[in-house]
Amino acid sequence: MTENSQPSSDRGELVAAGEGEGEGDQQVASESDAAAAQNAQQARQPTAGESFIRPQQPTGPQGGPEGQQVTRARTPALNLFQDGDNLDLYVYISELETFSDFDDPESLVWVKEDIVYGDWTSGPDSDGTYYHSLKIPTTENLRNNGSLFVHVYFVKSGFSPNPEAGEGLYNRKYTTYNSQRLNKYKRRRYRKTSNLITGETELSQEEIMKAETMKEEIISHWHPNITINIVHDFTQWTQGAVPPPLDEYVQFTPAADRYKPITFLNTYWNLVRDYRPINTTTETLDLTVTFQPLSLFKWQLYAAQAMKSRWPGTAMLEGLGGEEDDEDQDTIKEAFLETSPYLLALTMAVSLLHSVFEFLAFKNDIQFWNNRQSLEGLSVRSVFFNVFQSVVVLLYVLDNETNFVIKVSCFVGLGIELWKITKVTNVSVNREKRIMGIPTLKFTDKGTYVDSNTKAYDEMAYRYLSVVLFPLLGGYCVYSLIYQEHKGWYSFVLSMLYGFLLTFGFIMMTPQLFINYKLKSVAHLPWRMLTYKALNTFIDDIFAFVIKMPTMYRLGCLRDDVIFFIFLYQRYIYRVDPTRVNEFGFSQDMEKEVKDKKVEALGNGSTAAEGEPPKSLEDKKKD
């Protein structure tokens, strides 16, 4: 039994009309005699163990011409209940997945009689919703990772869900059943951390022992809410033609001319933060059962979400980290619950643009450095620092359990930064200087970087920057060492550098601003790439207000906005200078000079050709 709502075991039962319905079913047989007679003549459909494509069998004189197979279309089924019909709700709690102990009074936790099908106005909130709260005492089995199931029965008013209630009290046809496991098994990972100076830790002795003996443990968790939905639907479903995943919840009668009211046990809005572990100290469990009618459209959305966790690709991608974390799903749910619908719609629209701008920024960044001929005005040291930053992020991601996709993204980002080094410096193999017999790499500055004033301004900017950078790095190192716990010195260095880069990384963007100030120019910058990245930053600002995220990330979005506005201000105050070169290594004067030479060459060519007779068609073909 999976965690999602499951239909009863007799759903989709293929029995000829008039067989196995019981005495109670005969009360309704008179209402559909014509449909039952028609279904009785249909050929038996293949069961789950048979092939869907069976060879044609000769039917003889009674079944039609020999060698031919007679097929008839199935009749669409109608809802067994109509608006205004009364239902009784029975809710049982049991540790058994298959329930049969109807005589145990402790198993029956809620009976709600005379529920009107299609009623959207009754209840304490005048929306057809009813609530029932209870406390469930735990058993030794439940406290040791046992399971607890809820069994829900809807019966026609006045009837019983107990098959042994006797004639006139139990009617299988008018009984709808559904069940689900209430507890959820989740992995809990253990890491042994401590203060590297004092050796103290906030972990308990049990957690320390488990961290030394195991990396993770599967623990049963409990959520105090579950919602029982009955779908208000009169669609004429046809057995065998209901699309998945809806087909798992539609229960047809044996005659296949009617279907029972669709029930759905809904836990979609149960957030991960509200789950609590069930351990040896748990004496009772609080549970609030909610009954609520549900529209067809909402049921389809909930059923699709419930089916997503059981897709065939999910199990395969789980080992690669492709499974979406529950925390990420909670973020989306909280956005739906707490955000204005208009702002949420705007966020969904701009999120599509975010992917487009990200791709365009990547493309223009590669194009800029690939076509760059001159390094005048560009900070080469910033490129090397970006490589260092990418290495720290990659090592930090590998040291912590992170999604596989994020690891691949960090590898790709590091590869791009390493490729940029070959564009800003001359890289050669130094065979004279070897380390353990392996030749080393030699990096020399390009001529366009050395000959201009860019190198001097770059060194000056980093010299001023170090006055601010290193004291901040030392202070953050002391803070992390005293107040935070780490797995070891290696993890401490990585987490300290990662946190420092995340907090003060914007300082490394200031050397480029300083070079722009000294050169009084911004023509050398990759403005297309910067524009696309700035647009993505503004989109991140919207997400920062809509979706719950760390404060440090929100500050990071703000700092990127400030840096970009400074770039825009510099572009405004440093007017166009025809002698300044742009990001492609050309100036306006150089482009004008090339254009004048082309015009002059064309003029000389036309003057020389004025005295020549026009060429014939054959001569043009030869040319």
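FYI, it's all coordinate maths here, none of it is from the lab. Quick caveat, the model's predicted, so the values are computed rather than measured. Here the Cβ is made from the backbone with ideal geometry for all residues, glycine too, and neighbour counts use every protein chain on show.
Given bins 10 angstrom wide, list per bin the percent of all Cα-Cα distances in the range 341-471, short to long.
10, 25, 33, 23, 7, 2, 0
Mind ordering 371-381, 218-228 by average Cβ neighbours within 10 Å, highest first?
371-381, 218-228
If the chain between Cys477 and Leu96 were fully stretched, how many nm would it gain, using 0.36 nm times the residue separation less the Cα-Cα distance?
That works out to 131.7 nm of additional length.
Modelling each spin label as a point 7 Å along the Cα-to-Cβ direction, I'd like the Arg273/Thr331 distance in nm, to one decimal.
Those two pseudo-labels are separated by 1.3 nm.
Can you work out D for the range 181-302 in µm² s⁻¹ from Stokes-Einstein, where Rh is the Kirkwood radius over C-alpha pairs, the temperature is 4 °C and the viscosity is 1.567 mPa s?
Translational D for this selection: 70 µm²/s.
Sorted by packing (mean other beta-carbon atoms within 10 Å per residue), highest first, where do 207-213, 197-203, 518-524, 289-295 land?
518-524, 289-295, 207-213, 197-203
Residue farthest toward the positive end of the dipole of the range 394-479, with Cβ of Lys/Arg at +1 and Asp/Glu at -1: which of Asn400, Thr440, Pro471?
Thr440
Restricting to DSSP loop positions (anything but H, G, I, E, B) with no more than 16 other Cβ atoms inside 10 Å of their own Cβ, which GluC sites (Glu not before Pro) remain in the range 91-146?
Answer by residue number: Glu95, Glu97, Glu106.
Calculate the radius of gyration of the Cα atoms of the range 219-278 to one decimal place, then report Dmax, the largest Cα-Cα distance, as a whole number, both in Å.
Computed over the Cα atoms of the range 219-278, radius of gyration and Dmax are 16.0, 46 Å.
Under a point spin-label approximation (7 Å from Cα along Cα-to-Cβ), what is the Glu432-Asp114 distance to one decimal in nm?
Output for this residue pair reads 10.3 nm.
Expected output is a single nm value to one decimal: the length gained when fully extending between Lys598 and Lys215, i.e. 0.36 nm times separation in residues minus the C-alpha distance. What is it?
Using 0.36 nm per residue and subtracting the Cα-Cα distance, I get 130.7 nm.
If you build the convex hull over the alpha carbons only and average its shadow over all orientations, what do you get for the range 393-531? Give it in nm² to one decimal.
Computing the convex hull of the Cα atoms and averaging its projections yields 12.1 nm².
With a point put 7 Å past each Cα toward its Cβ, work out how far Glu167 is from Phe404 in nm, to one decimal.
In this crude label model, Glu167 to Phe404 measures out at 6.2 nm.
So what's the net charge close to Gly158: Lys and Arg +1, Asp and Glu -1, counting the other residues with Cβ under 13 Å from its Cβ?
-3
If you take the beta carbon distance between Thr284 and Trp419 as r and set R0 to 60 Å, what does 1/(1 + (r/R0)^6) give as a FRET efficiency, to the nearest 0.05?
0.45
Using a cut-off of 22 Å between alpha-carbon atoms, which lysines can reach Lys186, once sequence neighbours fewer than 8 places away in the same chain are excluded?
Lys210, Lys215, Lys308, Lys333
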